[in-house]
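Have a look at the structure below, then the notes.
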Amino acid sequence: MALLPWRKALVTHTEDATHNTRIFFLEIQDTGQFDFKPGQFITLDLPIDEKPARRLRSYSIASRPDGSNLIELLIVRTPEGKGTRYLFEEVKAGSEITFRGPQGVFVLPEKLDKEIFMICTGTGVAPFRSMIQHIYHHHISFHKIHLVFGTRTRADLLYYDEFRELEKKLPGFGYYPTLSREQWAEGYHGYVHGVYEKLCEHRPDARFYLCGWKNMIDDARKKILEMGYDKKAIHLELYG
């Protein structure tokens, strides 16, 4: 399979989402309509190393495909990360980014006839935001969707108000934010695993989509298999 060509995008603006995450708004330069499937990612070529392989960083598209050439990337700054240091310190409105994409098979099936569990931590919520917004705006029929989103504290939650509003507007969509290091009255406390295990007590016919850091994904995959689900029901996108 041939590699996709490198393309250019212009950063129109950026917006801090939390103390260590930022949204980068990109305008694709060679087209008026950038087509992608919700859940896909793009790969950036950043000027941070002489070796090409060390310059590449991939990020899920956090916005829905809306017929325009505008997309959003949700990026967390990692303390030792050369790529995110460059993005957070050097990239601003007017900066040009070299990228390749869209790519990836972490996408929803055409027919949403089973319950869908979207399980994520941190910026792993990005592809799910794209999927859910796409479903909402296109009035796509589905059975049930459960978004189980784990962070450490209330201040780390991403798109909180947006998902709460979608919960009101989108029948069958449930939002389950859980905090591992804070007690709060508006959601759950602990890790994501306890939340989806509770929701799956009656073993619904389901598909599981996992996105986030390796430890969470490894634990979730093990627990879902232990609950009696087939490995083919598990789809994952690994971050980091």
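Coordinate-derived values only; no laboratory data. Predicted, not measured: the structure shown is a model, and the values here were computed from it. All Cβ positions, even for glycine, are placed from backbone atoms using ideal geometry, and neighbour counts span all protein chains on display.
If R₀ is 35 angstrom, what is the calculated FRET efficiency for the pair Leu3 and Ser95, using the beta carbon separation as r and rounding to 0.05? Present the calculation step by step, with values, prior to reporting the outcome.
Numbers: r = 24 Å, r/R0 = 0.68.
Efficiency at R0 = 35 Å is approximately 0.90.
Magnitude of the Cβ-charge dipole of the chain, K/R +1 and D/E -1, about the Cα centre, nearest 20 debye?
Numbers: 33 positive and 32 negative charges, 100 e Å.
It works out to roughly 480 debye.
Hey, could you pull the Cα Rg and Dmax for the chain, both in Å?
Computed over the Cα atoms of the chain, radius of gyration and Dmax are 17.9, 54 Å.
Can you sort Met118, Met227 from fewest to most other Cβ atoms within 10 Å of each residue's own Cβ?
On the way: Met118 27, Met227 14.
Lowest count first: Met227, Met118.
Taking the Cα centre of each part, how many Å lie between region 47-99 and region 107-179?
For region 47-99 versus region 107-179, the Cα centre distance is 23 Å.
Rounded to whole Å and sorted largest first, what semi-axes of the equivalent ellipsoid does the C-alpha gyration tensor of region 8-55 yield via the square root of 5 times each eigenvalue? Before the final figure, lay out each step's value.
Numbers: eigenvalues 80, 68, 30 Å².
Semi-axes from the Cα gyration tensor: 20, 18, 12 Å.
Can you give the relative contact order of region 7-103 as a percent, counting alpha carbon pairs under 8 Å and 6+ residues apart?
Reported relative contact order: 38 percent.
Say the dipole of the chain comes from +1 at the beta carbon of Lys and Arg and -1 at that of Asp and Glu; which of Pro47, Met216, Leu157 then lies farthest toward its positive end?
Checking the options against the dipole of the chain, the answer is Met216.
Show me the GluC sites (Glu not before Pro) within region 118-223 that DSSP assigns to loop and that have at most 11 other Cβ atoms within 10 Å of their Cβ.
Within region 118-223, the qualifying GluC sites (Glu not before Pro) (loop, at most 11 other Cβ atoms within 10 Å) are Glu186, Glu201.
Compute the Rg to Rh ratio over region 115-239 from the alpha carbon atoms, using the Kirkwood formula for Rh, and round to two decimal places. Please list the in-between numbers first.
Values: Rg = 13.6 Å, Rh = 14.6 Å.
Computed over Cα atoms, the ratio is 0.93.
Is there a pair in Lys114/Lys214; Lys8/Lys111; Lys144/Lys222; Lys169/Lys214 whose C-alpha atoms are over 28 Å apart, and which pairs would that be?
Lys8/Lys111; Lys169/Lys214
If the cut-off is a Cα-Cα distance under 16 Å, which aspartates and glutamates reach Lys198, setting aside same-chain residues fewer than 8 apart in sequence?
Glu115, Asp219, Glu226
Pull up the DSSP beta bridges for the chain and report the antiparallel fraction as a percent, rounded to 5.
50 percent
Return Leu238, Leu46, Leu26 ranked ascending by Cβ neighbour count within 10 Å, so the fewest neighbours appear first.
On the way: Leu238 14, Leu46 20, Leu26 26.
Sorted ascending by nearby Cβ count, the order is Leu238, Leu46, Leu26.
Relative contact order for the chain using alpha-carbon pairs under 8 Å, separation at least 6, rounded to a whole percent?
It comes to 18 percent, rounded to a whole number.
Which trypsin sites (Lys or Arg not before Pro) does region 65-131 hold that lie in a coil by DSSP with at most 16 other beta carbons within 10 Å?
For trypsin sites (Lys or Arg not before Pro) across region 65-131 that sit outside H, G, I, E and B with at most 16 neighbouring Cβ atoms in 10 Å, the list reads Arg77, Lys92, Lys111, Lys114.
Please arrange Trp213, Trp6 by how many other C-beta atoms lie within 10 Å of their C-beta, fewest to most.
Sorted ascending by nearby Cβ count, the order is Trp6, Trp213.
What does the convex hull of the Cα atoms come to per residue for region 197-240, in Å³?
Cα convex hull per residue, to the nearest whole number: 64 Å³.
Please compute the contact order of region 95-202 in relative form: average sequence separation of alpha-carbon pairs under 8 Å and at least six residues apart, divided by the residue count, as a percent.
On the way: 133 pairs, mean separation 25.6, N = 108.
Here the relative contact order equals 24 percent.
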